[in-house]
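Let me begin by presenting the structure, written as structure tokens, before commenting on it.
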């Protein structure tokens, strides 16, 4: 389909290109412009269960204090975990993908600071990360 560009199309394009008007950013939809929207990421690859839980607790508390809105937590998928070879270990809760969200949900202090955990990402076997959304700190 070859559509000829008309003079009117050219004029509209020139007006657009030379305009000083800002373009509406559709990706900012739903974000309150008066509040800062800050996102942080933590990568827990290679951590032991104990260390990952300690690190995520410190990170969530720090982010909450700093006014972070969303945290992306990279755990990996657990597909290379050697824990599946040991019948005495839980194949789910010994993998960070499942144990870290479980640790967060069981920690009442952390849950008071969280408005939402993206459970769909945790249940999705093709993803190795999930997000949590923090409440706004009230001073």
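Going through the stretch 115-130 one residue at a time, which ones are in a strand (DSSP E or B) and surrounded by 14 or more Cβ atoms within 10 Å (Cβ to Cβ)? Let's see the steps before the verdict.
As a first pass, look at the stretch 115-130 and keep what is in a strand (DSSP E or B): 115-117, 129-130.
The answer is 117, 129, 130.
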### Query
Is it the case that the stretch 17-31 has a residue that's surrounded by 10 or more Cβ atoms within 10 Å (Cβ to Cβ), out of contact with any helix residue (DSSP H, G or I) (no Cβ under 8 Å at 6 or more places or on another chain), in a loop (DSSP other than H, G, I, E, B) and at pLDDT below 85?
yes
### Query
Which residue pairs have Cβ atoms closer than 6 Å, lie 6 or more positions apart in sequence or on different chains, and pair a first residue in the stretch 47-60 that is touching a residue at least 12 places away in the same chain (Cβ under 8 Å) with a second residue that is assigned to a helix (DSSP H, G or I) and surrounded by 17 or more Cβ atoms within 10 Å (Cβ to Cβ)?
49/99; 52/96; 52/100; 53/103; 56/100; 60/110
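What residue, among those in the stretch 59-107 that are part of a loop (DSSP other than H, G, I, E, B) and modelled with pLDDT of 75 or more, is surrounded by the most Cβ atoms within 10 Å (Cβ to Cβ)?
From the stretch 59-107, those part of a loop (DSSP other than H, G, I, E, B) are 67-69, 75-81, 86-95, 107; that's our starting set.
Filter once more, so that each one left must be modelled with pLDDT of 75 or more: 67-69, 75-77, 95, 107.
On the way: 67: 13, 68: 20, 69: 18, 75: 24, 76: 18, 77: 15, 95: 21, 107: 16.
This residue is 75.
The values are calculated or read from the model by the stated rules, or taken from the named source; none is laboratory data. Source: prediction; values computed, not measured. All Cβ positions, glycine included, derive from the backbone under ideal geometry; neighbour counts span all protein chains shown.
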